[in-house]
Structure formats: structure tokens, C-alpha cells
Amino acid sequence: MQLTYDQWNVHPLLGSLILIAVAVLVALALHWLAVRILCRLVSRSKTPLDDPFVQRARSPLRWLMIALALAFVRPSLTLGQRGHAIWEQAMAIIVPGLLGWLVIAMIRAMEDVVVMRADISVADNLRARRKRTRTTILSKIATLGVIFITICLMLFSIPAVRAVGVTLMASAGLAALAVGAAAQPLLKNVIAGIQLAFTEPIRLDDVVIIEGEWGRIEEIHLTFVVVAIWDERRLVVPVSKFLEDSFQNWTRSTSRLLGAVYWQLDPSADIDRLRARYGELVQASKLWDGRAFVLQVTDTHEETIEVRGLATARDAGTAFDLRCELREKLLAFIREEMPEALPRRRQMVVEGARAERLSSSRRGEG
């Protein structure tokens with residue numbers, strides 16, 4: 001129904017502004033009511049997995065309802081032929097943008113649901129990390145696709161550039177080839193990111209050694225990966241590097257690890273006694289996961305032997321702490337109860353220092 005302002009003795013421009021304000025207020029009221037109803041329904045749900053959809057859709061739905069309300073009252077506005085043409089053109093650009101915003105919000109809401117369901121804080125989190133990694137990469141790809149389609153729909157509404165929009169939609173591959181020479185590194189990493197989502201050489205929270213650094217996969221983007229180094233630095237690595245170069249992935253098939261500790265000892269050391277004490281230390285540690293441990297002589301040198309102790313742990317961080325604990329405690333045992341296991345040169349230095357201290361004390365007493 002088209003309203004007229006003459007019967008109300010209202011200036012057409014003022015009447016149009018009042019009608020626009022009323023339409024906006026009605027849209028905001030309807031949005032508030034709809035959100036309240038959705039929140040009430042969500043609160044009665046037994047699962048929190050539907051909460052992200054309401055939270056993510058709140059803002060785009062508000063502006064979309066305002067745009068629809070303004071489109072509904074537009075025939076009643078006194079804008080003139082040129083004003084109506086500008087209005088239609090603006091709405092043809094704004095509405096696709098708002099719809100694209102809503103679709104992207106739903107994509108992110110689905111990503112939030114996967115994050116909520118895939119708990120990576122548990123000990124065996126391989127399946128959860130796999131879901132999170134694939135969802136993160138695919139959501140970014142889907143977001144780029146929505147943005148591309150939204151821009152094309154906006155171009156369709158502009159007659160002067162409609163041909164550009166048709167070209168982008170119909171010849172996306174040719175456009176990619178045209179800019180491929182200039183954007184080869186970017187395209188290379190984008191393609192590598194898509195490949196990464198399906199081949200999964202790395203996943204979120206994987207423990208890796210790359211560029212000589214030990215760290216965890218903290219973020220996976222479409223073109224780069226952020227590795228959190230153990231000393232709180234961040235290493236930003238192109239995605240293609242994980243597909244082209246070799247690197248160590250300590251949690252590729254499972255989060256459980258076998259930690260190794262090495263000692264350089266004298267060849268006359270009593271290995272059986274050391275092995276028994278090592279077993280006691282491992283079994284008494286809360287960091288050991290109870291699977292396996294062993295102590296062996298793995299190499300010999302001119303003046304020393306290499307003794308290696310192995311012990312299992314539930315994840316990489318725990319394995320590192322377990323190795324440090326076993327190294328410290330067995331060294332303390334050797335120092336206090338088996339000093340003869342120390343290398344000969346070390347023994348000579350220790351005995352010389354003891355003799356020097358004893359001689360100095362005797363001279364002081366004299």
C-alpha cells in the first residue's frame with residue numbers, strides 16, 4: 001500500500017524520513033523479538049551445539065531485516081525517478097553483501113560446532129585434531145568462495161560492469177591463469193592449502209620440528225601455518241613447505257611418544273645396577289604412561305660408553321619432562337652412589353679437587 005502525505009499536511013521529504021525511521025524501528029523490534037525467541041528455544045535445547053548459529057547470525061540478520069524493511073516501504077517514499085533508481089541500485093549491492101555476510105556467519109558457526117565437539121585436550125586426540133584441521137581449512141575455502149560469489153552478484157547489479165561480473169563467473173580459470181605469473185607464490189600456497197586439507201601431513205596441535213625448531217601447530221591458514229615454538233616465539237611457514245620439504249611430525253599417527261635419554265659413562269660402569277635403578281625411577285614417575293622402558297649400551301668410544309634410556313609418555317610435552325626427570329635423577333644416583341661410573345677424566349678432576357680441598361683444610365688446621 002502506497003501512502004500519501006498531502007492528507008496529513010506533511011512535507012514529502014519529512015514524511016519519507018519518518019517512514020524510513022518507522023521501518024527501521026519496526027525491523028529492529030522484529031529482530032529483537034526473533035532473537036529472543038531463538039535464544040529461548042536454544043536455552044531449552046539439551047545440547048549447546050546450536051548456540052553458535054544464533055550468536056553468529058545475530059548481527060547479519062539485524063541489518064538484513066532493516067534492508068528488507070526499507071525495500072518494503074520504498075514504493076511509498078517520495079524520492080523522484082532518479083532517487084528510486086539510486087535506491088534500487090544501492091539495495092542491489094547491499095542485499096547480496098548482507099546475504100554473503102550471513103552465509104559466512106553460518107560457515108563460522110559450523111566451524112565453532114566442530115571445535116566444540118572435537119576436544120583436543122584429551123590424551124588421544126588424533127581424531128579430534130583431524131576434524132579441526134580439515135574443518136578450519138575447508139571453512140576458509142568456503143568463505144573465499146562465498147566472497148567471490150557475493151562480489152560477482154554485486155557486479156551483476158551494475159549495468160556498466162555487468163560484463164566484468166559475467167567474465168569472472170564464467171572464466172574464473174582463465175582469470176587465474178592471467179594473474180598466475182604475477183601471483184605464482186600466492187596461488188601455489190592456496191593450492192597447497194587445499195591439498196593440505198585432504199592429505200593431512202600436519203594437523204592442529206601436532207608436534208613438529210621444522211627449520212630446526214621444535215613447536216606445535218597453532219594455526220593453519222589457507223596460505224601459511226603458524227608454529228608455536230617452545231620458548232613462546234611464533235614461526236610462520238608457507239603451507240607449500242609442508243608439502244615440498246621434509247620435516248618431523250612427532251604426532252602424525254598418535255600423540256604417544258618414546259622419549260630417549262643419553263649418558264656418557266665409564267666402560268667399567270655396572271650396567272645391571274644402573275638398569276635396575278633406571279627401572280625404579282621410571283616406574284615411580286607420574287609422567288610415565290606405563291607402556292614400556294629400557295636401558296641399553298648403544299655405542300662405545302675411546303674412553304666412554306654411550307648409555308641410552310627409553311621411556312614412553314602420553315604426549316610430546318610429557319615425554320620431554322619425563323626425559324629431563326630421568327636424566328637428573330639418574331645423574332644424582334651416579335654422583336652419590338656410583339661415582340666410579342663417571343668417565344675417568346671426570347673422576348680425576350673430582351678426585352683432584354677433593355684432594356686439594358682436603359690439603360687446604362689440613363693446612364688451615366695446622
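Read-outs: derived from the displayed coordinates by stated rules, not from any lab. Given the structure is predicted, the values throughout are model-derived calculations rather than measurements. All Cβ positions, glycine included, derive from the backbone under ideal geometry; neighbour counts span all protein chains shown.
A few notes on this one:
- Residue exposure sequence - 262, 278 - by fewest surrounding Cβ within 10 Å: 262, 278
- Of all lysines in the structure, those lying under 20 Å Cα to Cα from residue 131, and not within fewer than 8 positions of it along the same chain, are 140.
- Partner lysines for residue 286 [C-alpha distance under 28 Å; skip if fewer than 8 residues away on the same chain]: 329
- Calculated from backbone phi, Karplus (6.51, -1.76, 1.60) coupling profile of the stretch 203-215 in Hz, x at Gly/Pro: 9, 4, 6, 5, 9, 10, 10, 9, 6, x, 10, 9, x
- Taking the number of Cβ atoms within 10 Å of each Cβ as an exposure proxy, the fewest-first ranking of 206, 299, 289, 50 is 299, 50, 289, 206.
- Ascending count of other beta-carbon atoms within 10 Å, so fewest first, for 221, 31, 301: 301, 221, 31
- Cα gyration tensor category, rounded, prolate or oblate, for the stretch 257-349 with a/c compared to 1.5: prolate
- Both radii come from the Cα set of the stretch 25-154: Rg as radius of gyration, Rh as Kirkwood radius; their ratio Rg/Rh reads 1.11.
- Applying D = kT/(6 pi eta Rh) to the stretch 202-291, where Rh is the Kirkwood radius over alpha-carbon pairs, T corresponds to 10 °C and eta to 1.306 mPa s, the Stokes-Einstein value obtained is 100 µm²/s.
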